[in-house]
Every structure is written in C-alpha cells, then in structure tokens.
Amino acid sequence: MFAVLKTGGKQYKVQAGDTLRVEKLAAAAGEKIQFNDILMLGGDKTVVGAPLVADAGVQAEVIDQIKGEKVINFVKRRRKHSSKRTVGHRQKLTLIRVTDILASGADKSGVKAALGAGSVPASALAAQDAAAPKKAAAKKPAAKAAASGSDDLKKLSGVGPALEKKLLENGVTTFAQIAAWSADDVAAMDEKLSFKGRIEREGWIEQAKTLAAEQE
C-alpha cells in the first residue's frame, strides 16, 4: 500500500518503511507525527482525494532535523558600475521514517499532526489569530495594574519615560520612597542603575520630599 501526501508545498509518494527529507517540521527527533493531507491511496483499491482523502493519514517517526546541500546563488550585473554578489543557502529539512499508512481512523488516532511550512491547517492558524488579541488584551490590565498607585516620577529633574520605567521595574514607585532614601540606598541605586551620581547631582531626594508633601 502506498500514499501520496502533501507537506511543505510538495507531494511525496511513500510506503511504510520509506525514509525521506521534507521541509522543516515543528517536531523533535524521536517524536511520532501524522500527515493528514493525503491526496491519494493506492494498493488493492485506489482512492483519489477531492482534494484530500477523508480520515486518511500517514504516520512517521522524526529521525533528525538536518540541513540540505548548500546552494550558491551568484548574480552579476554588467553595467558601467558593475556589481556582483554571491549568496549561499542551506535549506532546513526534517528527516523522517514512514511507519504506517492509515486508510481510515486518522482523525481519532491521537498522534501529533505534522505542522510545518505548507502543512499548518487553516483551523490552527485561525485559532492562533483568535488567541492573539486575547493575549494582548490580557497584558494591558497587567500594565495598568503595575502603574496604578505610583507617582509621576517624571516630575523629578532629569527623569524621562525610559528612566521612569527603570525605576518602576526596580520597585521605586512613589516620591515618599525616594524622600526616605539613606546614603546607602542612594549608593546602591546609583550602582544598580549606573546613575553615576545623578541622584545627588539632580537633587532627587529634596525634590521628592517637596512633591510628596504637596500630595498630602
């Protein structure tokens, strides 16, 4: 029995036990995968898909992730100011061994689908697209939560958005905190953020005391 499968924009005629190189798949060596885009099954009875054979699959074991032979592309332009360019490329490939051909039951086999260039199902892409806005939306409240309850540290001399972000990341969120810094605290923060004496030079502690008092 043989099958014609599609992956990476190419078609392969395979039988159980065949070893072949296909476009890089998202699978590690030793993993068992299943190709679900089957165009044709042959043997005692030939089945041609329209365009795919329903519930059919080809299972394989990933042997290794490899690279193809080096391809050299040389371009030369014959002009007054001529130029030439040489570029080398080695295509990333996956070496697999076909273990089984399923004429039916592929949908319920439970084997990981072979995902890669040309073999990612549209449903998977749709699921990723649907999940992306949710992740972005989930991050926004977290960012707001981090900023909530903090003072506008940009009111301090020499503090811009980038420097304010660094202070917030290090737990400095209010003028009261800065106003209460000791000489050791100043030295530690100076060294941690490479301020090079900026805290004393800009007079942050005195400014912070004034700003904190105005908020009370």
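FYI, it's all coordinate maths here, none of it is from the lab. Fair warning: this is a prediction, and the values are worked out from it, not measured in the lab. Methodologically, a virtual Cβ is constructed for each residue, glycine included, from the backbone with ideal geometry; neighbour enumeration extends over all protein chains shown.
Derived scalar couplings between HN and Hα for the stretch 42-54 equal x, x, 4, 9, 8, 10, 10, x, 9, x, 10, 7, 5 Hz in order, rounded to whole Hz, by the Karplus curve 6.51 cos²θ - 1.76 cosθ + 1.60 (θ = phi - 60°), x for Gly and Pro.
For the residue pairs Lys165/Lys209; Lys6/Lys84; Lys92/Lys166, alpha carbon separations beyond 30 Å are given by Lys6/Lys84; Lys92/Lys166. All other residues whose Cβ lies under 13 angstrom from that of Lys32 are scored, Lys and Arg at +1 and Asp and Glu at -1, for a net of -1.
Per residue, the average separation of C-alpha pairs within less than 8 Å and at least 6 apart gives the stretch 70-117 a relative contact order of 27 percent.
Taking the fewest neighbouring Cβ atoms within 10 Å as the starting point, the ordered list for Leu102, Leu93 is Leu93, Leu102.
Evaluated at q = 0.14, 0.15 Å⁻¹, the base-10 log of the normalised Debye intensity for the stretch 2-119, with identical point scatterers placed on the Cα atoms, takes the values -0.60, -0.66.
Each of Asp184, Asp55 was scored by other Cβ atoms within 10 Å of its Cβ. Listed from fewest to most, they are Asp184, Asp55. For the stretch 96-113, the residues whose amide N sits under 20 Å from a probe point set 7 Å from the Cα of Leu52 along the beta carbon direction are 98-113.
For the stretch 107-116, 3J(HN,Hα) computed residue by residue from phi via the Karplus equation (6.51, -1.76, 1.60; θ = phi - 60°) reads 5, 10, 6, x, 7, 4, 6, 6, 9, x Hz, glycine and proline entered as x. Taking each of Lys45/Lys112; Lys10/Lys67; Lys10/Lys70 in turn, the alpha-carbon distance tops 23 angstrom for Lys45/Lys112.
For the stretch 162-185, backbone nitrogen atoms closer than 18 Å to the point 7 Å from Thr210 Cα along Cα-to-C-beta are found at 175-181.
Kirkwood radius and radius of gyration were both taken over the C-alpha atoms of the stretch 147-215, and their ratio Rg/Rh is 0.91. Shape analysis of the stretch 21-64 yields a ratio of the Cα radius of gyration to the Kirkwood radius, Rg/Rh, of 1.06.
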